[in-house]
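Below is one structure, written out as structure tokens; the observations come after it.
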Amino acid sequence: KAGVTQTPRYLIKTRGQQVTLSCSPISGHRSVSWYQQTPGQGLQFLFEYFSETQRNKGNFPGRFSGRQFSNSRSEMNVSTLELGDSALYLCASSLGQVKSYGYTFGSGTRLTVV
Amino acid sequence: QQQVKQSPQSLIVQKGGISIINCAYENTAFDYFPWYQQFPGKGPALLIAIRPDVSEKKEGRFTISFNKSAKQFSLHIMDSQPGDSATYFCAASSGTDKLIFGTGTRLQVFP
């Protein structure tokens, strides 16, 4: 059974550019959540999508956006990149509510903004 | 209110010893408390989880102790092994809400 696939694994971008990260959840999982992981802040929730609808949103600026497609694949976009956006971006998929099914995380996309 | 405070930041334990990581929360609506284990280069993986209607849950060498009145929960790793060396995150959620994670504990187990 394939796990959660995130692409690309590594990305280097310049300040001011925009970036799109992709996440393919486990087959059958309709919930996809995105987290930002940094050494000082740990894992910070960005947003959750379920059946193409944003179900929950964290406290990040509007430069961070996401979407989910009909096949449950999800993308997140960061516009006007800042140095502070350098982080590991993790995608997690779930069959439904996290308390019933837990999250399965991908290995993440390491974004470096220079 | 929405935070989960985790300690210590790092922990060094001898092989065979007990590793203990603690977490505290304020939001009494939290009703699900999982622990995740993360190895370098990988995403976190669910290790064990507890709900507030029980005070302890054990799975192999891993035990969660839960103190509802103190709003604290902890992870105990018995007979710690070098393969347990990883970063551990506690987390909490309420209702259908997202998981709020602690800041992580880097555990190193030396042979």
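Using the count of nearby Cβ atoms within 10 Å as a rough guide to exposure, how do A:LEU83, B:LEU75 rank from fewest to most?
Lowest count first: A:LEU83, B:LEU75.
Compute the signed sum of charges (Lys and Arg +1, Asp and Glu -1) over the other residues within less than 9 Å, Cβ to Cβ, of A:SER107.
Numbers: positive: A:ARG9, B:LYS42; negative: none.
Net local charge, A:SER107 excluded: +2.
Which residue fluctuates the most in chain B, going by a Gaussian network model with Cα springs under 10 Å, if the choices are B:ALA45, B:ALA86, B:ALA70?
Maximum fluctuation in the GNM of chain B, among the listed residues, is at B:ALA70.
Per residue of A:48-58, what is the mean number of Cβ atoms on other protein chains within 10 angstrom of that residue's Cβ?
Working: counts 4, 0, 1, 0, 0, 0, 0, 3, 3, 1, 2.
Counting Cβ atoms of other protein chains within 10 Å of each residue's Cβ and averaging gives 1.
Amide H neighbours of B:ALA91 under 5 Å, counting only residues 5+ apart in sequence or on other chains, H built in-plane at 1.01 Å?
Residues meeting the amide H criterion: B:GLY102.
When the convex hull of the Cα atoms of the protein assembly as shown is projected onto a plane and the area is averaged over all directions, what value comes out in nm²?
Numbers: hull surface 49.2 nm².
Mean orientational projected area (the protein assembly as shown, Cα hull): 12.3 nm².
Which of B:ASP53, B:ASP31, B:ASP79 comes first, and how do the rest follow, when ranked by fewest Cβ neighbours within 10 Å? Show your work: numbers first, answer last.
Details: B:ASP53 8, B:ASP31 15, B:ASP79 12.
So the ranking, lowest neighbour count to highest, is B:ASP53, B:ASP79, B:ASP31.
Kirkwood hydrodynamic radius, computed over distinct alpha-carbon pairs, for chain B: how many Å, to one decimal? Mind showing how you got there, number by number?
On the way: mean 1/r = 0.0717 Å⁻¹.
Taking the inverse mean of 1/r over all distinct Cα pairs, chain B comes out at 13.9 Å.
When the scattering of chain A is computed by the Debye formula from its Cα atoms alone, each counted once and equally, what is log10 I(q)/I(0) at q = 0.17, 0.19, 0.20, 0.21 Å⁻¹?
Normalising to I(0) and taking log10 leaves -0.75, -0.93, -1.03, -1.13.
Using only C-alpha atoms and all pairs of different ones, pull out the Kirkwood radius for segment A:51-93 in Å with one decimal. The partial results should precede the final answer.
Numbers: mean 1/r = 0.0846 Å⁻¹.
The answer is 11.8 Å.
Summing Lys, Arg as +1 and Asp, Glu as -1, what charge do residues with Cβ under 12 Å from the Cβ of B:GLY41 carry, B:GLY41 excluded? Let's see the in-between values first.
Working: positive: A:ARG9, A:ARG110, B:LYS42; negative: none.
The answer is +3.
Treat the count of other C-beta atoms within 10 Å as a stand-in for reagent exposure and order A:THR14, B:THR87, A:THR80 from fewest to most. Before the final figure, lay out each step's value.
Numbers: A:THR14 8, B:THR87 18, A:THR80 11.
Least crowded to most crowded, the residues run A:THR14, A:THR80, B:THR87.
Obtain the nm distance between the two label points defined at A:LEU83 and B:GLU26 by a simple spin-label model: each point lies 7 Å from its Cα along the Cα-to-C-beta direction.
Taking the two extended label points, one gets 3.1 nm.
How much FRET efficiency would the formula 1/(1 + (r/R0)^6) give for A:SER22 and B:GLN2, where r is the Cβ-Cβ distance and R0 is 35 Å, rounded to 0.05? Spell out each step's value before the answer.
Details: r = 29 Å, r/R0 = 0.82.
Step by step, r from the Cβ atoms, then E = 0.75.
Ordered by residue, what ³J(HN,Hα) values in Hz, to whole numbers, does segment B:73-84 give under the Karplus form 6.51 cos²θ - 1.76 cosθ + 1.60, where θ = phi - 60° and Gly and Pro are x?
Those phi angles translate into 8, 9, 10, 10, 10, 7, 6, 4, 10, x, x, 7 Hz.
The numbers here are math on the coordinates, done by the rules we state, and not lab data. Keep in mind the model is a prediction, meaning the values are calculated, not measured. Neighbour counts are summed over all protein chains in view; Cβ atoms, including those assigned to glycine, are modelled from backbone coordinates with ideal geometry.
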